[in-house]
Amino acid sequence: MAISAPLLLELGAILLVLTVLGSAARRFGLSPIPLYLLTGLFLGTGGVAPVDAAADFVQTGASIGVVLLLLTLGLEFSIGEFATSLRRHLPSAGVDLVLNATPGALAGWLLGLDAVGILALAGITYISSSGIIARLLGDLDRLGNRETPAVLSVLVLEDFAMAAYLPLLTVLASGGTVLQALVWMAVALAALGLAFTVSFRWGHHVGRVLGHPEDEQLLLRVLGLTLILAAIAEELHASAAVGAFLVGLTLTGPVADRARSVLTPLRDLFAAIFFVAIGLTIDPADLLPMLPVALALAAVTALTKVITGAYAARREGAARPGQRRAGTALIARGEFSLVIIGLASTSIGTLSAVATPYVFILAIAGPVLARFTR
Amino acid sequence: MDVKETLLPGVGLRYEFSNADGDRLSVIAYRKGDFEVFLCTTPADPDKARKLFRLSEREADALAQILGAPRMVESYADLTKEVPGLSAGQVPVPPTSRYASRPLGDTKARTLTGASIVAIVRGDQVMASPGPDELIEPHDVLVVIGTDDGIAGVRQLIDQG
């Protein structure tokens, strides 16, 4: 086996740059995601330091990163949490969808994107970053606040909405008809139902088969199964991400807890590579003309998220300050918006030129605004 | 008193209640097993909770024992009231006892008397449902549940030199 020294060198250098930037971001209580994007931007097409040897690995790692992001997200949630959130916050989810997807769709239409681009941009402005926000709430010690369950419920419902949205987008982006897309959306929803049933009725059996006292075995089993199901889902145009999400949802109980702990370091690595990969594919020269559009869209959708959060918090009985806090907490967009960019941008260049700086702006502005809303 | 339980998706569970002074206490039980305790006192912003402290799983156990010790004996008393013929008794362990510094299982109390040792009180600590490997120490007090004869039997057993 020939070891490629340039590959190791470039990869090591990228990871070191990421850790320096990441720890700087954490010091100011910010999410490192925007800086990872920036790193990719500097390295890639038209950037200052092209990484030819590592580029292939980064692209491969990126698809594993998406699968791991969604798998660990699925592991975070259980049916009970979904059901409770749905019961209490269905109206909030509706408000969220209408207020936040509409600006994205309108912007896409004004920019002259095709139907796929409009759908993608609507998804990008709709989905808040559960990763950034969950961490933010912990950092700011807000988990005890009255408005917090509203924020978390909105996030859960958004994440579940993605299970229906991603197949729709994947089929349309790969050139399928609307009918095909709707069929696959229905299939994905049926699979979601199946995953719930399996998890509810036979979750302990699944846990017994996959659970192994050794961490190494558990890691290999869960990851192997997830990659195969993600591949099948992708082959069926239902999106690998959805397949991975469903595996995560099916696992519950102690096995899910252990799987989460063994997978988290792996997820952190590959997710960082995924964020770099998104930056790599974009030519910084394309971004500048789109920056004003991205800023305007960010301002509008930050406001609509504030309204969404305030509405949801009022349903929990929170007063004005609590409503404001819930609203600003929801502003941050992050990993999911980037997954959508990754899915759709192969077909449309303008989309990633607008959406990447958009995510960049809100991934920074969201936590900052949330921090200053007391 | 009402304890309100709220699910925090992806985080854990939150329990809230107000005490007689009107302070609202909330306890978050994280899925990882640790706890955080919050207090809401600001009248201007009733939804904001101030974090008081964080407890690991073991620290939370210790706190629960401190707070729960007097109550536990009470609830055994309640139990014995409900079942006719069942009573609870306390059996001190004299330093001269042959079972002092030996595992609880060695007494074979349940087999010999039919009464169960449900807790060991040691100083200000209470060990609920002690296992057979738990060491009995001199000056411990054993909380025993059984018939009056059974409890007397345990007392005789423990008093043996």
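The values are calculated or read from the model by the stated rules, or taken from the named source; none is laboratory data. Predicted, not measured: the structure shown is a model, and the values here were computed from it. As a convention, Cβ positions derive from the backbone with ideal geometry for all residues, glycine included, and neighbour counts pool all protein chains shown.
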Determine the pairs where a residue that is charged (D, E, K, R), located within the range A:208-221, has a partner that is modelled with pLDDT of 80 or more with Cβ atoms under 8 Å apart, the partner being 6 or more residues away or on another chain. A:D215/A:R258; A:D215/A:V262
Count, please, the residues in the range B:127-139 that happen to be surrounded by 12 or more Cβ atoms within 10 Å (Cβ to Cβ) and either farther than 22 Å from B:D159 by Cβ or among the basic types (K, R) (or both). 1
Within the range A:176-185, residues part of a helix (DSSP H, G or I) and more than 12 Å from A:A163 (Cβ to Cβ) come out as A:V178, A:L179, A:Q180, A:A181, A:L182, A:V183
Flagged in the range A:304-331 as more than 12 Å from chain B (Cβ to nearest Cβ), of a type outside the set (G, A, S) and farther than 18 Å from A:R371 by Cβ, in numbering order, are A:T304, A:I307, A:T308, A:Y311, A:R315
Scan the range A:85-103 and give yes if some residue there is closer than 30 Å to A:L266 by Cα, in contact (Cβ under 8 Å) with a residue 40 or more places away in the chain and out of contact with any Asp or Glu (no Cβ under 9 Å at 6 or more places or on another chain), otherwise no. yes
For the range A:24-35, state whether one or more residues are in a helix (DSSP H, G or I), touching a residue at least 60 places away in the same chain (Cβ under 8 Å) and not aliphatic (A, V, I, L, M). yes
Run A:I282 past the list (1) under 27 Å from A:L11 (Cα atoms); (2) more than 14 Å from chain B (Cβ to nearest Cβ); (3) in a helix (DSSP H, G or I) and report the number of the one that doesn't hold. (3)
Is there a residue being part of a helix (DSSP H, G or I), within 21 Å of A:A240 (Cβ to Cβ), over 16 Å from the mean Cα position of the chain (by Cα) and not polar (S, T, N, Q) anywhere in the range A:302-317? no
Restrict the check to the range B:24-41 and report whether at least one residue is modelled with pLDDT under 85, at the interface with another protein chain (Cβ under 8 Å from one of its Cβ atoms) and either more than 22 Å from A:G253 (Cα to Cα) or in a strand (DSSP E or B) (or both). yes
The range B:48-95, subset modelled with pLDDT under 80 and outside any helix (DSSP H, G or I), residue nearest to the other protein chains (Cβ to nearest Cβ): B:V83
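Looking for whichever is assigned to a loop (DSSP other than H, G, I, E, B) and either at pLDDT below 85 or within 22 Å of A:G112 (Cβ to Cβ) (or both) here; the options are A:T346, A:T356, A:T350. Which one fits? Step through it out loud before you land on a result.
Numbers: A:T356 fails: assigned to a loop (DSSP other than H, G, I, E, B); A:T350 fails: assigned to a loop (DSSP other than H, G, I, E, B).
Only one candidate qualifies: A:T346.
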Output yes when any residue across the range A:217-229 is crowded, with 20+ Cβ neighbours inside 10 Å, modelled with pLDDT under 85 and out of contact with any strand residue (DSSP E or B) (no Cβ under 8 Å at 6 or more places or on another chain), and no when none is. no
Would you confirm whether or not the range A:138-151 contains a residue that is without any contact (Cβ under 8 Å) to a residue 40 or more places away in the chain, out of contact with any His (no Cβ under 7 Å at 6 or more places or on another chain) and more than 14 Å from chain B (Cβ to nearest Cβ)? no
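Mind checking which residues of the range B:4-23 are of a type in the set (A, V, I, L, M, F, W, C), closer than 30 Å to A:V255 by Cα and surrounded by fewer than 18 Cβ atoms within 10 Å (Cβ to Cβ)?
So the first thing to find is which residues in the range B:4-23 are of a type in the set (A, V, I, L, M, F, W, C), and the list is B:7-8, B:11, B:13, B:17, B:20.
Now drop any that are not closer than 30 Å to A:V255 by Cα, which leaves B:7-8, B:11, B:13.
Listed by number, the list holds a single entry, B:L13.
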